[in-house]
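Scroll down for the structure; my scribbles are underneath it.
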Amino acid sequence: MKVKGVIVAAGYGTRFLPVTKTVPKELLPLMDRPAIDFIVDEFVQAGLDEILIISSRRKKALDDYFDREYELESELTKSNALSKLAKLPNPPAEIMTVRQREMNGTGNALLLARPFVGNHPFVVAYPDDIFTGGSLTSELVALHQKTGGSVLAVRDCSGMDVSRFGVVAVREKQGRQQVSDFVEKPPIGQEPSHLVSVGRYLFEPSFFDWLEEGKKSHRGGEYYHLYAMKKAIVAKRLWAHCTTLRHLDVGEPLGYLEAFCRYALSQPEWQEPARQLFETLSK
């Protein structure tokens, strides 16, 4: 079974202005690696070798990042800087881009991926969400192979206020969690569970039919994929996977700062110097 990957990266990134006026937020680095690198790695670990990035006209740098830089490669080779050469992005996957011409919501953005996806299941990733300790995409693919349906990733946020998130209600079926409802930003005390959607989805190709159907009845404003998800729920084709991988939210400044620090502490090259620096700063 071939699965394709789609990265939704067309947004403005206004929480990081002014830097995101010219630098795509997906290229903001965790030390020496841009955030989108982690998503591509996750896809590759799961065996996905065709990836589409949904971009916009302000983000040509995303195309450039995954393109070959022959002059730089030549200079690094001549100077025998092989360790630096190895750091250049060269994932074993075909990476393509398509531009969302107007910011009309994720539903419109995902419809741009239909020609690329064809009749294959596909994983959708939002670069605001990074997971460490494994490949979340691999986990979604494994559940899809067992159920044949679409899968969304969730994490258990019991004891936390989940009113800012999309919250998932589930019912047990054959030892798995089938989604029975999805509520966006429920009022405190009215949340159907404490399972929060975390920016990874595996959709069947038929999901595009529901996206098209919802778009026909949509009246103005940005169009999101909630309608199509609700249709998948009614059809009993949507399952939840509760991941235990560490979730890093790089879509807002403090979450990005945490991710930056955690990544620095996880790398042997910087681990001890970073620890000493953080101890000094905390005094």
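Every number in this text was worked out from the coordinates using simple rules, so none of it is lab data. Model, not experiment: these values are computed from the prediction. Heads up, the Cβs are rebuilt from the backbone with ideal geometry, glycines too, and the neighbour counts pull from every protein chain shown.
Residue order for 182, 116, 122, fewest other beta carbons within 10 angstrom first, comes to 116, 182, 122.
Per residue, the convex hull spanned by the Cα atoms of the stretch 125-265 measures out at 132 cubic angstrom. With the cut-off at under 20 Å, measuring from each backbone N in the stretch 21-48 to a point 7 Å along the Cα-to-Cβ line of residue 103 picks out 21-29, 35-36. Calculated mean residue ellipticity, 222 nm, the chain: -10000 deg cm²/dmol, from DSSP H runs (n ≥ 4) at -39500 (n - 2.57) each, averaged per residue and rounded to 500. Here is the P(r) of the stretch 127-191: all C-alpha pair distances, binned every 10 Å from 0, give 17, 44, 35, 4 in whole percents. Remark: C-alpha extents of the chain on the principal axes read 60, 48, 38 Å, sorted largest to smallest.
Working note: Karplus 6.51/-1.76/1.60 with θ = phi - 60° gives the stretch 45-60 the couplings 4, 8, x, 7, 10, 10, 10, 10, 9, 8, 10, 8, 5, 7, 10, 4 Hz, where Gly and Pro are set to x. Taking Cβ atoms as reference points and 11 Å as the exclusive limit, the residues near residue 90 contribute a net charge of -1, counting Lys and Arg as +1 and Asp and Glu as -1.
Straight-line reach from residue 21: taking Cα to Cα under 16 Å and skipping same-chain neighbours fewer than 8 places apart, the aspartates and glutamates in range are 252. Among the GluC sites (Glu not before Pro) in the stretch 152-229, those placed in a DSSP loop whose Cβ has at most 15 other Cβ atoms within 10 Å are 222. Checking every one of the GluC sites (Glu not before Pro) in the stretch 1-86 against DSSP loop status and a limit of 13 other Cβ atoms within 10 Å picks out 69.
Value of Rg to Rh for the stretch 34-108, rounded to two decimals, is 1.05; Kirkwood radius and Rg both from alpha-carbon coordinates. Centre-to-centre separation between the Cα atoms of the stretch 93-139 and those of the stretch 242-261: 19 Å. Under the rule a/c < 1.5 gives rounded, and otherwise a/b versus b/c splits prolate from oblate, where does the stretch 83-161 land using the Cα gyration tensor? Since a/c stays below 1.5, the shape of the stretch 83-161 is classed as rounded.
By the rule of a C-alpha distance below 24 Å, with chain neighbours fewer than 8 residues away ignored, the lysines paired with residue 87 are 25, 59, 60, 78. So what is the diffusion coefficient of the stretch 1-66 in µm² per second by Stokes-Einstein at 4 °C and 1.567 mPa s, using a Kirkwood Rh over Cα pairs? Taking Rh from Cα pairs, D becomes 103 µm²/s.
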